[in-house]
Amino acid sequence: MSPAIHTDDTNKDLIETEIGLVPKTWENRELFVKILLDFLNKEKFLLENNLNERTITHKLAELLDIEFSKLEYDVDCEYNRMENRNMSYEESAKRLNLLDEVSTEEDELGQGITVFPDIIIHKRKDNSKNLLVIEVKKTEYANKTRGQLEETYRDFDKRKLCAYTKELKYVYGVYLEFNKKELCADKTLFFSKGEQVK
């Protein structure tokens, strides 16, 4: 069963696919769509039985790794290091400048929030080869607010994806949201250069 497709004529940089709207110019577009459809076909059990987000991202990452390793990329879950020989272990943690009126969290070094992306496609030990960062949410969790903050987890992930693509130079970020049966295609969102692709 393919997910419902969201169409919107205002999206000039996006093309309609079976998983929703995807950037027209992305060279890996067809491969990514194929992998996501394979995941939805092979791993329905995970969605129908409401398994943990980490289980979902792990199985999706396995399928991504099969294909993107052929292109000499690494696929990692919750990978939070930026390799640099001149940095200490603490300094090499991936951090985003998300401190504002919405977010009050800060790490011990005062250098922003340490982040653990759900899935990244990159080349280890080469910070110039950050291809794709993926954040995954289940709908029932995406609508909840972060502690005492008024921001939902969905909105926080969208802010993180803007920051990943601006500060850490990922070519694309993608937000995927699943309900208990399928991918919510109208909530499949892409990000590039610090903003949502529209």
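Every number in this text was worked out from the coordinates using simple rules, so none of it is lab data. On a predicted model such as this, the values are computed, not experimentally measured, just so you know. As a convention, Cβ positions derive from the backbone with ideal geometry for all residues, glycine included, and neighbour counts pool all protein chains shown.
If the chain between residue 58 and residue 169 were fully stretched, how many nm would it gain, using 0.36 nm times the residue separation less the Cα-Cα distance? Walk me through the numbers before you get to the answer.
Working: separation 111, 0.36 × 111 = 39.96 nm, distance 2.33 nm.
37.6 nm is the gain from fully extending residue 58 to residue 169.
Okay, which of the stretch 178-198 sit inside 13 Å, backbone N to the point 7 Å along the Cα-Cβ direction of residue 48?
Residues 180-182 qualify, since their backbone N sits under 13 Å from the label point.
In sequence order, what are the phi-derived ³J(HN,Hα) couplings for the stretch 134-148 according to the Karplus relation 6.51 cos²θ - 1.76 cosθ + 1.60 with θ = phi - 60°, rounded to whole Hz, with x for glycine and proline?
10, 10, 10, 9, 8, 3, 5, 8, 4, 7, 6, 8, 7, x, 8
Quote to one decimal, in nm, the extra length available between residue 78 and residue 143 on full extension: 0.36 nm per residue of separation minus the C-alpha distance between them.
On the way: separation 65, 0.36 × 65 = 23.40 nm, distance 2.17 nm.
Difference between extended and current length: 21.2 nm.
Under a point spin-label approximation (7 Å from Cα along Cα-to-Cβ), what is the residue 151-residue 179 distance to one decimal in nm?
In this crude label model, residue 151 to residue 179 measures out at 2.7 nm.
Can you sort 55, 152, 188 by how many other beta carbons sit within 10 Å, fewest first?
55, 152, 188
Pairs to check: 42/125; 160/180; 42/169; 12/166; 70/169. Give those whose C-alpha atoms are more than 29 Å from each other in this structure.
Working: 42/125 32 Å; 160/180 24 Å; 42/169 32 Å; 12/166 21 Å; 70/169 22 Å.
Check vs 29 Å cut-off fails for 42/125; 42/169.
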